[in-house]
Amino acid sequence: MLNLVLFGPPGAGKGTQSQKLIEKYGLIHLSTGDLLRSEIAQGTELGLEAKKLMDHGILVPDEVVIGMISHKLDANKTARGFIFDGFPRTVAQAEALDRLLETKDAPISGMIALEVPADELERRLLERGKDSGRPDDANPGVIRKRIKEYNDKTAPVAGYYKTQNKFTSKDGIGSVDEVFEAIYKIIGSWDAGR
Ligand code: AP5
Ligand code: MG
């Protein structure tokens with residue numbers, strides 16, 4: 001099983017690269033951001049609560065996203081593997097994910113972190129905000145808050161995977177295909193080492 005954590009700040013290219021990885025490896029894409037937006041679109045109670053935080057660029061509570069991931073893992077028991085995109089975003093989420101995967105005997109293969117400077121993140125998200133319809137893309141203040149949440153609460157998750165020797169970082173600047181090629185090589189190096 002290939003269980004990949006795709007990591008990086010808002011706008012680093014996690015969703016974009018996930019689409020290409022799905023085509024290449026046939027993995028199930030688990031984006032907590034997409035799952036939450038789908039709850040919002042359906043008008044569920046969970047979605048309405050999450051929206052209040054997401055629209056301000058603030059993380060939703062750990063137990064909400066851990067519950068969603070647990071549900072999705074159970075619903076995809078025969079999957080060849082998963083891409084975790086935008087999850088785990090706190091060390092508590094990373095610990096919970098390890099516990100969930102332990103029961104399935106399918107640990108995380110590795111984390112790949114896309115490194116992109118803040119000014120480029122802001123540029124990408126504001127550009128997308130022109131037609132994405134995402135309230136959290138539309139306002140430079142909210143984009144900066146998302147980046148601050150990442151630096152304060154999410155960046156430490158890299159250390160969690162470093163101590164497990166599962167961390168690789170990659171420059172996320174370059175064309176989408178160039179970044180994908182680099183990710184593909186990193187995954188290949190894991191296969192060779194196992
Ligand atoms: P989420 O949906 O996860 O958003 P995000 O991580 O903040 O940022 P994006 O998804 O916008 O970035 P991305 O890295 O996927 O980049 P993309 O490929 O789209 O989360 C939203 C909110 O939900 C959070 O703020 C939080 O409130 C909540 N939430 C979600 N998960 C949570 C969790 N686990 N715990 C708690 N709360 C959670 O690319 C961005 C743009 O750049 C696109 O327009 C793309 O076309 C462009 N682009 C991509 N690659 C390149 C490239 N190589 N060169 C130039 N442009 C590029
Ligand atoms: Mg995304």
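The values are calculated or read from the model by the stated rules, or taken from the named source; none is laboratory data. Everything numeric in this text was worked out from a predicted model, so none of it was measured. Note: ideal-geometry Cβ built from the backbone for every residue, glycine included; neighbour counts use all protein chains shown. We work out accessible area using only protein heavy atoms, side chains counted, and drop any ligands, DNA or RNA first. Shrake-Rupley method; radii C 1.70, N 1.55, O 1.52, S 1.80 Å.
Heads up, I need the accessible area for Met54: 1.4 angstrom probe, whole protein in place, Å², nearest 10.
Number for this one is 30 Å².
I need the calculated FRET efficiency for the pair Lys20 and Leu46, taking r as the beta carbon distance and R₀ as 41 Å, to the nearest 0.05.
The computed FRET efficiency comes out at 0.90.
Cross-link list Lys51/Lys72; Lys52/Lys162; Lys14/Lys51; Lys77/Lys130; Lys72/Lys170; Lys52/Lys166: which exceed 30 angstrom alpha carbon to alpha carbon?
As for pairs spanning more than 30 Å Cα to Cα, those are Lys52/Lys162; Lys77/Lys130; Lys52/Lys166.
Based on the Cα coordinates of segment 29-145, what is the per residue volume of their convex hull in Å³?
121
How high is the relative contact order of the chain, in percent, with contacts defined as C-alpha pairs under 8 Å that are six or more residues apart?
Result for the chain is 32 percent.
Ranked by accessible surface with a 1.4 Å probe, highest first, in what order do Val176, Val116 come?
Per-residue accessible area, sorted high to low, gives Val176, Val116.
Helix check for the chain. Which DSSP H runs span at least 18 Å along their own axis by Cα, with a mean Kyte-Doolittle hydropathy no less than -0.5?
Helices meeting the criterion: 62-75, 176-193.
How high is the relative contact order of segment 90-194? Use alpha-carbon pairs under 8 Å, at least six apart in sequence, and give a whole percent.
Averaging sequence separation for qualifying contacts and normalising by length gives 36 percent for segment 90-194.
Identify, among Leu48, Asn165, Leu30, the residue whose Cα sits farthest towards the positive end of the charge dipole of the chain, taking +1 on the Cβ of Lys and Arg and -1 on the Cβ of Asp and Glu, with the dipole about the Cα centre.
Sorting the options by dipole projection puts first Asn165.
How much accessible area per residue does the chain have, counting only protein heavy atoms and a probe of 1.4 Å, in square angstrom?
Here the residues of the chain average 51 Å² of exposed surface.
Put a dot 7 Å past each Cα toward the Cβ at Arg99 and Glu181; how far apart are the dots in nm?
Computed distance between label sites Glu181 and Arg99 equals 4.3 nm.
Within straight cross-link reach of Lys104, meaning Cα distance under 13 Å, which aspartates and glutamates are found once same-chain residues fewer than 8 apart are removed?
By straight Cα distance, Lys104 reaches Asp74.
Using a 1.4 angstrom probe on heavy atoms only, work out the carbon and sulfur share of the accessible area of segment 36-132 in %.
Heavy-atom surface of segment 36-132 belonging to carbon and sulfur, 1.4 Å probe: 52 percent.
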